[in-house]
Each structure stands twice: as structure tokens, then as C-alpha cells.
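Below: one structure, written as C-alpha cells.
The values are calculated or read from the model by the stated rules, or taken from the named source; none is laboratory data. These numbers come from a predicted model, not from an experiment. Because the Cβ atoms are built from the backbone with ideal geometry, glycine has one as well, and the counts that use them run over all protein chains shown. Surface areas here come from the heavy atoms of the whole protein model, side chains and all, with no ligands, DNA or RNA. Shrake-Rupley method; radii C 1.70, N 1.55, O 1.52, S 1.80 Å.
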2 protein chains.
Amino acid sequence: MDMTIDAIHQAYRDGKLSPHKLIDEVLKRAATYADRNIWITLLSREAIQPYLDNLIGQSPDKLPLYGIPFAIKDNIELAGVDVTAGCEAYRYTPEQSAHVVELLIAAGAIPIGKTNMDQFATGLVGVRSPDKWGACQNSFDPEYISGGSSSGSAVAVALGLVSFSLGTDTAGSGRVPAAFNNLIGLKPSRGLLSNHGVVPACKSLDCMSIFSLTTDDANRVFEVAAAFDSKDDYSRPNKDTNRKNYGHISADSFNFAIPQAGQLAFFGDHETEQGFYKTLETLKNLGGICHEIDFEPFLTAARLLYEGPWVAERRIATANVKREAMLPVLQQILDSNNTASAEDLFSAEYQLQHCKQQVTPLLENFDFILTPTAGTIYKIKEVLAEPIKLNSQLGYYTNFMNLLDCSAVAVPAGFNSNGLPFGVTLFSRAFSDTRLLSYANQLQQTLKLPLGATALPLPDSRAINSGVTDRIKVVVCG
Amino acid sequence: MDMTIDAIHQAYRDGKLSPHKLIDEVLKRAATYADRNIWITLLSREAIQPYLDNLIGQSPDKLPLYGIPFAIKDNIELAGVDVTAGCEAYRYTPEQSAHVVELLIAAGAIPIGKTNMDQFATGLVGVRSPDKWGACQNSFDPEYISGGSSSGSAVAVALGLVSFSLGTDTAGSGRVPAAFNNLIGLKPSRGLLSNHGVVPACKSLDCMSIFSLTTDDANRVFEVAAAFDSKDDYSRPNKDTNRKNYGHISADSFNFAIPQAGQLAFFGDHETEQGFYKTLETLKNLGGICHEIDFEPFLTAARLLYEGPWVAERRIATANVKREAMLPVLQQILDSNNTASAEDLFSAEYQLQHCKQQVTPLLENFDFILTPTAGTIYKIKEVLAEPIKLNSQLGYYTNFMNLLDCSAVAVPAGFNSNGLPFGVTLFSRAFSDTRLLSYANQLQQTLKLPLGATALPLPDSRAINSGVTDRIKVVVCG
């Protein structure tokens, strides 16, 4: 069934469906995917009942997420349900939900479970789970990785088990799995979604993210979830220009930029490379004027994240967990560069500031910058054989995003001959979320790819049907 | 003679003075103060000549700083003149001037010399100079400290040798000497005055500052000096609301805040304490409504600067200088907390972020926050006897300012029975410079204290005479 929010709400309004029936159906279907390693904790029907009871007397007209099932990455707190962050030794039971989870539930959304993830959100692969939970499998082909670290959250949406899900995205964990499962992955501007109730990875960079089938749904969830929270020291109030602005694009043509020749990396994956250039043509046909930029400052910042002292933040976050309770690959990462001094960190921060100053005019001058979300995809067994290098290659276009304070949207862009999806990312400076979602919507509506891994057709966008964004005229170039 | 910019320009226009004559007079007077330890390098008449030659064909109508003499702290580059940063071993000859110095010279200003300072801008006292240059003496009483680290820059203005001067203010170095020499000390928002060509102290926090006799002059210099500079990684473009906005105050009454009872520290100096409360009454009479706030987050941030890992930035800045070439007190400071790890720095940055989040509503809710600039003043021999503790006490109201990204103006507030001045500081969030200068102008014009240490009367403010700020009505309270 079509799990987009409008489709569910229409079924509720038409009396063809109720939240109770939907939850029964969702749990039944979840059981059929038990071998995909999506969940760390799938809620029981009884555990979900209170959230259904909350909806009594409410309706889709009153609550924007009325009766909408969603999944929560297992490093985000849901009251009364264990958090593990992918590590049994870390397990605890929170009394309250994370701030964002509370907002979503108050808006009518129904939590279904806590999803599998790369341990302590350290990875872009989705295979860094202990054997107990297993490597999360790609929604299109179980031999392939789902992407991570928000692996289960992506696959749950792609398989139509939930309408949307929460991930976290410090280095790409909300975008890579979106690309690998044919989803929208919104990595909001840092601080717009509160990190209160989220297990830190790199506390100064952490960012909650949203997976959805469509940009309309990503925007709907974003509108509910983006609220200043004084309990999070890194929370930032949204800007008016980024609020209720989805669908508003002011010009007939737009300017976007891509990395210049030689700075795009596909790691030998010619099909994804061709797919990327085909997507460029689609954007040009929508009125986009494509520019090439020197991508080196972005790449330099990306390298700082894992090769520099920021790993120290992950050590702080896991200081109370014994090394031997972690996966060997985690131990290896956490113990790297572990003699970094305050001087080393300041020096790295100076380098980062240099990158920030270099990219500022690039971010200002273009409506967005476009890259592949990931240059290629790997099989689970390939990543297990080469766990650090292949993971690192997946972060080529993602690692810099929070360091440089950008917002980003991963958008499905097509399929390769192996049947697996590839995607592109639109990004810009912080507080560009709704503008990026608006362009992403144009692209998604033009490509008309099916919803996630469900083979269901993409519905028309409300934002486009309302005429708000149709000022972008189709210009056939060349 | 009255060295305010308007007074000099009027004399030029009236034909009573020329830049050549003024420079001759300035150099003559500077010679009479040779024992005050103001200069590290005083320029010769010949070295100044090219700057005079630059003025040919110009006039006060064309150049905002036409023929205005100024002094430069010796950690800021002037082309062809040695930089020492107060350390002989560090001496080098720059080929170009600092970005801000270039802007000032292009606007007609004439550099007179490089001023004495606490070594490597590490100190608030003005006595941390090698014997070669000596402790800079207070402009009112040579037994007292001038304040630092921008000691010579303050004293040169106070004694009427120049109209304004450049300092740097990482932890208070542009405000404490202003208070101790009866001057305006503008510590602009970080990044508005380029640090290109400035010897770093704490590179992530450094901030060039302006000393002047009046707020009108501080604003005039600020307008020239505040220009985005891509050569400085920390440079930020000014905001429109902070540009050409001096004198514009929109309400008849205003709200300001002071630290709550028990959080004001005067270190036993009852006269300065009384003076502070008297200044409060003056502001109330100008329409100010006084509120009390919890000052603890500011004080916590202040302690982080010298007790935390930020000292590592000073070690980076002086990495190429042998410890034995430095003053013993510098060696002691630089070697403190020198095993801080990247984890320690991240943990301190988390604490700082918590402070930032706590102070944001305070900075938003009030037109400004008011504190003493320093709680007391000391004699040179007192500081030499207790060099760390007394220095630290002088930073009680200043150390947090750049860490918390505030702008600040130190304003003269009166004199104690020992003949020495005391001052107050108005501060607010970044990009509030001109608003703060506008309130500071109201206070200065009301108090009508003499100009620096010259005993000359304060001239009327152009901003007030033009009627721009006279919307603040005098309200007699209580």
C-alpha cells in the first residue's frame, strides 16, 4: 500500500482505514521481513496501543501526522523502550522520549520500533551491527548493504513498513542509506532538530535526519520536528525564510554547481557516473544552469572528520563503554589518532575555518550544489572484507556537510542494471532546508521513480499541484 | 590641543593647522613623554613623510580620516616597520601593512608609531614588557598600571599624542586600558576588523580593537576599518543593521541588565563600586530600565579562557619562539595546562556551548548588559609582586566576551579620589557595535568627563547635535 502521509490520511478520511487497522497491517508485514535485520526493538501491539489511544477525538485535519507510523533509530530515545546504539553493553531504558520524538507523537505519529544501526552511529555501511542483530540488508537486494549508520530506519521506509523514520546524520548516515534505498534523506541544518534524547556520536556535529518516500512528507515531518529546544546546547531557532517556505521557488531558472572534472569520484562505477550526468540533464531541462566549482575545500573538510581529531568526540561519547564490548572495527576507529592534543584540535579547527571561508561564496552564489550521494554501492561481503576503506569511500560526498554547516537533501535519481538505486544530493548553507526540498521535489516529480522499494508509483506533489513551484518552466536545452 | 577628529578637521578647514604641523607637534609632545614607555617604535619624521605626501590633493571632505594621527599596537603590521609583539626574539619586518592599517591609511590616517604591549598580548596589566621597553605607565599617575595588553595604544590616545589607536582585544586588552585611561574602547564584533597582518594570540578569538577619546571617533574609525577580508579566515561581513547605524536609537526608554547581587566584584575597591552604582543612576535618568540577571554563565565562560585548554592557542601562536626568550610570567602561563588533549578541548567547547545557549536570551532581551570594565586598578609594583592573580582579577568582566561572541564598548564613567578613572562596559551580542556606541555616546555626553588625560572638555557629539539620538528623553526617576 501507498504509505505516503497524504495517501494514508485520504484512506482515513474515506473510512477505508483506521490507525488500528494500519498498525495491525504494519506489524504483519514487518514479520514477513524479519530476516532483513531492520529492527533492534520492534514494538508489540500492546506497546503501541497507548499511542493509538492518544488519537481518540483527533483527526488528520487536527494533527499533521495523525495515525502515521514511524520508525526510530536506536540511538534516539522512546520512553520506556531500551536504547542500545547498536551495542548491548550500552543498553538502558529511558524514562522520556527525545524532544523530537515527543513532538512527532504529539502531532499524531505512531512509533513502531527502534531500528538497527552501525554501532554508535559510526559507519556509513549498515553492516557494523553485532551478530545478535546482524547486518541490515538492502531493501532491493539482500546481498547489498543498506548503507548506514541509519540502516534500519532507511529500510523500514523503503519496504513500506512506516511512512517516515528518524535517523541521525553526523557524517552521511542519513543520506547514504537514503541513496541505497531509493528514498528522500533530509539532513537538516544542524540544531534545527533537537539532539536532546539522542546518543551523541560527535556532539558538536550531530544532526538528526529524516527518511521519507517523498519530499512532501519530509517537509511535513520537518515542520513538526524543527523546534528550538533549550535542553540541547546546540539547538538553533529556525529562520523565517526557512519556515513554511516549501514549494516557494522564486525564479524561472536556477543556478547549481557540481565539482569540477577530476573531483567527482565513482570508484569504478560507470553506471552511477552515467546516472549522475543524466540527472544533470534532467535539472538543466528544468531550467537549471550548471556551473563547475573547485570542490577541494569540501574534500579537505571531509578528510578532517575521520583523519583528524574529531574522532576524540566519539571517544568522549563512548567513554563509559568498555572497548571489548564493541565491534573490533569500532575499537580500531576509536583508538586511531588518540594522542591528539588540544593544539592538534585547534590546528584542525583553523584548517576547517579556512575551508569555511573558502566555501562561503560558493554556497552563497548557487541555489544549490549537486553531487552524487555516494559514488557507488557495495555488497555486504565486500564491506566485511574491507571495512574501513570502503566505508571511507562512501563518505566522499557526505563527511564535510556538518563540519561546514550545510543542509542537504538526498534524492533518488535512478537505477543501475543491477537493480540497485543511486541518488544525488542537493546541498547549501544552513537554513536552506525548505529551499533544497523544493528543488528536490521538482527533481523527484520529474523523474517519477517508484516509492522506495515498493514498486508503487510516486504520487503527485501537493506543493506542485497547488501551483506553488510550477513557476519553474521546462526549458529544453541543446 | 583637542585631538578629536572633528576638532582637527575644523582646524584644517580653518587654515589654523596642517597635517605637517600637526605631526611636528605630535612628535615634539611624544618626546616629552619618553619616560612613560608608550612606544616600542616611534616613527621618525622621515618615516612619516610618505603618509603626509599621500594627502596631497585630498581634504577632510574627501577622506574621513584625513591627516589624523594614530598609533598601532606592536602586534599589528605596518609596512617596513618592525613587529615585536613585545618580544625581541620575535622581531621581524613586514613588507605590507595589516588589512585594517591599509584601510585607515587609505582613509587619510597617519601612523605615528608602534606601541608597547604585554608580551604576545598575554595580559591585562601593561607591565609584561621586557626591561628594554619597560612597564607602560598610566596616563594619570605613573605609579599605576596602564592596563594591557594594549597599554601603549591607550596611553598614546589618553595623552593626546594621537586621535585614536589600534589595539587587540582577545580577553579584555582593548577595554581594561580604556577604563584605566579614561577612554572609549571599542571591542568590535569578532571578524569585522580583519586580523590579516596581526600576530595571533588565540587565533579563534582574536579581535582588533579601537581606542578613542569619543564614541563619535570610535564610530568613524570603525566605519573605515570594518570591511570583510577574505585573507582572514575568521573575517565576517558586517550586517546592514550594524552599518551606518550610529546614533539611531529607536525608543524613548531602554532596557539594560547588570549582574545580580553577589556577582559584582570590586576586590575591595569601594569607590569604584560606588561609581558603578552612580553610573546606573545616570543611565536610569536617561530612560534606562535596569534589570538584574544571573551572570554565572558569563563568569563560567570567562574562567574557561585561562583555566581551560584555550591556552593551547597561545602555544601554537608562539611555537617558534624559544621559551627562554620570553618573560618568566609568559613562560608560566604558556606552560600551564599543557597536557590538554583534544578530548579536553572538546569537553571545554561543550561547556562553552552550554554557556552560549544560556546567555542567548539574555543578550536578546536587553538593549545591553552593563558591568564595570574592571573592578579595581593596581599600582605597577603591586602587579609585579603578584603577576598572575591580580591580572586575573582584571579580567573578571572581560574574559568571556569573545568566547561568547559579543561586541562591547568600554566607556569612561568617572574618577576616584586617587585621581584615577574608572569605567563601565556596555555589551551585547555580535553585530551590535553601532547600537552600543550609540548608548555609550548618550552616557559619555551626559557625564561630560574630560578627554582622556588631557583635562580638555568633551566636545558635543555630532550624532546628538544632528538630533539623531535625542529621542532618548531625560526621565528623572525615583
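Kindly check whether there is at least one residue in the stretch B:253-270 that is β-branched (Val, Ile, Thr) and under 21 Å from B:PRO361 (Cα atoms). Spell out how you get there, then give the answer.
Kept after step one, since they are β-branched (Val, Ile, Thr), are these residues of the stretch B:253-270: B:258.
Then keep just the ones that are under 21 Å from B:PRO361 (Cα atoms); that gives B:258.
Yes, because at least one residue in the stretch B:253-270 is β-branched (Val, Ile, Thr) and under 21 Å from B:PRO361 (Cα atoms).
Looking at the stretch A:190-204, is at least one residue open to solvent by less than 10 Å² (accessible area, probe 1.4 Å), in contact (Cβ under 8 Å) with a residue 60 or more places away in the chain and closer than 19 Å to A:ALA302 by Cα?
Yes, some residue in the stretch A:190-204 is open to solvent by less than 10 Å² (accessible area, probe 1.4 Å), in contact (Cβ under 8 Å) with a residue 60 or more places away in the chain and closer than 19 Å to A:ALA302 by Cα.
The conditions are (1) open to solvent by less than 40 Å² (accessible area, probe 1.4 Å); (2) farther than 23 Å from A:ARG429 by Cα; (3) more than 9 Å from every other protein chain (Cβ to nearest Cβ), and A:ALA385 fails exactly one of them. Which is it?
Failed condition: (1).
Name the residues in the stretch A:116-127 that are closer than 22 Å to A:LYS381 by Cβ and either surrounded by fewer than 24 Cβ atoms within 10 Å (Cβ to Cβ) or out of contact with any Leu (no Cβ under 8 Å at 6 or more places or on another chain) (or both), would you? Don't jump to the end; show me each part of the working.
Looking only at the stretch A:116-127, we keep the residues that are closer than 22 Å to A:LYS381 by Cβ, and these are A:116-119, A:122-127.
Correct list: A:ASN116, A:MET117, A:GLY123, A:GLY126.
State the number of residues belonging to the stretch A:79-115 that are surrounded by fewer than 18 Cβ atoms within 10 Å (Cβ to Cβ) and charged (D, E, K, R). Even if it seems obvious, please write down each step before you answer.
At the first step, the residues of the stretch A:79-115 found to be surrounded by fewer than 18 Cβ atoms within 10 Å (Cβ to Cβ) are A:79-80, A:82, A:88-89, A:91-96, A:106.
Remaining after also requiring charged (D, E, K, R): A:82, A:88, A:91, A:95.
Total satisfying the criteria: 4.
Residues being more than 25 Å from A:ALA11 (Cα to Cα) and in contact (Cβ under 8 Å) with a residue 24 or more places away in the chain: count how many of those fall in the stretch A:43-79. First the steps, then the outcome.
Filtering the stretch A:43-79 down to residues more than 25 Å from A:ALA11 (Cα to Cα) leaves A:73-79.
The next check asks that each one be in contact (Cβ under 8 Å) with a residue 24 or more places away in the chain; those that pass are A:73-78.
Number of matching residues: 6.
On the given criteria, is B:GLU271 acidic (Asp, Glu), assigned to a helix (DSSP H, G or I) and open to solvent by 60 Å² or more (accessible area, probe 1.4 Å)?
On the way: acidic (Asp, Glu): yes; assigned to a helix (DSSP H, G or I): yes; open to solvent by 60 Å² or more (accessible area, probe 1.4 Å): yes.
Taking the combined requirement at face value, the residue satisfies it.
Which residue out of A:GLU343, A:GLU324 is open to solvent by 60 Å² or more (accessible area, probe 1.4 Å), on the phi < 0 side of the Ramachandran plot and among the acidic types (Asp, Glu)? Quick ask: steps written out before the conclusion?
Values: A:GLU343 fails: open to solvent by 60 Å² or more (accessible area, probe 1.4 Å).
Just a single option satisfies the conditions, and that option is A:GLU324.
Give the stretch A:9-42 a look and list any residue that's touching a residue at least 24 places away in the same chain (Cβ under 8 Å) and either touching an Asp or Glu at 6+ places or on another chain (Cβ under 8 Å) or not in a helix (DSSP H, G or I) (or both), or say none.
Across the stretch A:9-42, the qualifying residues are A:SER18, A:TYR33, A:ASN37, A:ILE38, A:TRP39, A:ILE40, A:THR41, A:LEU42.
B:LEU390 - would you say it is touching a residue at least 60 places away in the same chain (Cβ under 8 Å) and within 21 Å of the chain's Cα centre (by Cα)?
Considered against the rule, which asks whether it is touching a residue at least 60 places away in the same chain (Cβ under 8 Å) and within 21 Å of the chain's Cα centre (by Cα), B:LEU390 comes out as yes.
In this structure, is B:ALA430 within 17 Å of B:LEU362 (Cα to Cα), modelled with pLDDT of 95 or more and open to solvent by 10 Å² or more (accessible area, probe 1.4 Å)?
yes
What's the number of the condition B:ALA319 fails, among (1) part of a helix (DSSP H, G or I); (2) open to solvent by 50 Å² or more (accessible area, probe 1.4 Å); (3) under 18 Å from B:ASP206 (Cβ atoms); (4) within 13 Å of another protein chain (Cβ to nearest Cβ)?
Only one criterion in (1) part of a helix (DSSP H, G or I); (2) open to solvent by 50 Å² or more (accessible area, probe 1.4 Å); (3) under 18 Å from B:ASP206 (Cβ atoms); (4) within 13 Å of another protein chain (Cβ to nearest Cβ) is unmet by B:ALA319, namely (1).
Mind checking whether some residue in the stretch B:34-47 is out of contact with any helix residue (DSSP H, G or I) (no Cβ under 7 Å at 6 or more places or on another chain), buried (at least 17 other Cβ atoms within 10 Å of the Cβ), at pLDDT 95 or above and over 29 Å from B:TRP133 (Cα atoms)?
No; the residues of the stretch B:34-47 include none that is out of contact with any helix residue (DSSP H, G or I) (no Cβ under 7 Å at 6 or more places or on another chain), buried (at least 17 other Cβ atoms within 10 Å of the Cβ), at pLDDT 95 or above and over 29 Å from B:TRP133 (Cα atoms).
In this structure, is A:PHE368 in contact with a Lys or Arg (Cβ under 8 Å, 6 or more places away or on another chain), within 14 Å of chain B (Cβ to nearest Cβ) and open to solvent by less than 40 Å² (accessible area, probe 1.4 Å)?
On the way: in contact with a Lys or Arg (Cβ under 8 Å, 6 or more places away or on another chain): yes; within 14 Å of chain B (Cβ to nearest Cβ): no; open to solvent by less than 40 Å² (accessible area, probe 1.4 Å): yes.
In short, no.
If I filter the stretch A:214-238 down to residues being polar (S, T, N, Q) and in contact (Cβ under 8 Å) with a residue 12 or more places away in the chain, which single residue comes out as nearest to the other protein chains (Cβ to nearest Cβ)?
A:SER235
For the stretch B:332-339, indicate whether the set of residues that are of a type in the set (A, V, I, L, M, F, W, C) and either over 22 Å from the mean Cα position of the chain (by Cα) or surrounded by fewer than 18 Cβ atoms within 10 Å (Cβ to Cβ) (or both) is non-empty. Show your work before the answer.
Applying the first criterion (of a type in the set (A, V, I, L, M, F, W, C)) to the stretch B:332-339 yields B:333-334.
Narrowing further to those that are either over 22 Å from the mean Cα position of the chain (by Cα) or surrounded by fewer than 18 Cβ atoms within 10 Å (Cβ to Cβ) (or both): B:333-334.
Yes; the residues of the stretch B:332-339 include at least one that is of a type in the set (A, V, I, L, M, F, W, C) and either over 22 Å from the mean Cα position of the chain (by Cα) or surrounded by fewer than 18 Cβ atoms within 10 Å (Cβ to Cβ) (or both).
Given (1) within 14 Å of chain A (Cβ to nearest Cβ); (2) touching a helix residue (DSSP H, G or I) at 6+ places or on another chain (Cβ under 9 Å); (3) at pLDDT 95 or above, identify the lone condition not met by B:ASN399.
Condition (1) is where B:ASN399 drops out.
Determine if the stretch A:276-299 includes at least one residue that is within 13 Å of chain B (Cβ to nearest Cβ), open to solvent by less than 70 Å² (accessible area, probe 1.4 Å), more than 23 Å from A:LEU404 (Cβ to Cβ) and part of a loop (DSSP other than H, G, I, E, B). Write out each step before concluding.
The first filter runs over the stretch A:276-299 and keeps only residues within 13 Å of chain B (Cβ to nearest Cβ), leaving A:297.
Checking the rest, the ones that are also open to solvent by less than 70 Å² (accessible area, probe 1.4 Å) come to A:297.
After this cut, where a residue has to be more than 23 Å from A:LEU404 (Cβ to Cβ) as well, the list is none.
There is no residue in the stretch A:276-299 that is within 13 Å of chain B (Cβ to nearest Cβ), open to solvent by less than 70 Å² (accessible area, probe 1.4 Å), more than 23 Å from A:LEU404 (Cβ to Cβ) and part of a loop (DSSP other than H, G, I, E, B).
Quick one: A:THR241 ticks every box in (1) away from chain B (no Cβ under 14 Å); (2) open to solvent by less than 30 Å² (accessible area, probe 1.4 Å); (3) in contact (Cβ under 8 Å) with a residue 60 or more places away in the chain bar one, so which box is it?
So A:THR241 meets the others, but not (2).
Only one of these conditions is not met by A:PRO50: (1) at positive phi; (2) assigned to a helix (DSSP H, G or I). Which number is it?
For A:PRO50, the exception is condition (1).
Return the pair list, or none, for Cβ contacts closer than 6 Å from residues in the stretch A:327-355 that are more than 7 Å from chain B (Cβ to nearest Cβ) to residues that are in a helix (DSSP H, G or I) and open to solvent by 40 Å² or more (accessible area, probe 1.4 Å), at least 6 apart or on different chains.
Hits for this filter: A:VAL329/A:PRO387; A:GLN331/A:ARG323.
Please count how many residues of the stretch B:303-316 are at the interface with another protein chain (Cβ under 8 Å from one of its Cβ atoms), touching a residue at least 40 places away in the same chain (Cβ under 8 Å) and open to solvent by less than 40 Å² (accessible area, probe 1.4 Å).
Narrowing the stretch B:303-316 to residues at the interface with another protein chain (Cβ under 8 Å from one of its Cβ atoms): B:309, B:312-313, B:315-316.
Now narrow it down to the ones that are touching a residue at least 40 places away in the same chain (Cβ under 8 Å): B:313, B:316.
Still in the list and also open to solvent by less than 40 Å² (accessible area, probe 1.4 Å): B:313.
Number satisfying all stated conditions: 1.
Within the stretch A:253-260, is there a residue that is of a type in the set (Ser, Thr, Tyr), open to solvent by 50 Å² or more (accessible area, probe 1.4 Å) and in a loop (DSSP other than H, G, I, E, B)? Show your work before the answer.
The first filter runs over the stretch A:253-260 and keeps only residues of a type in the set (Ser, Thr, Tyr), leaving A:253.
After this cut, where a residue has to be open to solvent by 50 Å² or more (accessible area, probe 1.4 Å) as well, the list is A:253.
Then drop every residue that is not in a loop (DSSP other than H, G, I, E, B), which leaves A:253.
Within the stretch A:253-260, one or more residues are of a type in the set (Ser, Thr, Tyr), open to solvent by 50 Å² or more (accessible area, probe 1.4 Å) and in a loop (DSSP other than H, G, I, E, B).
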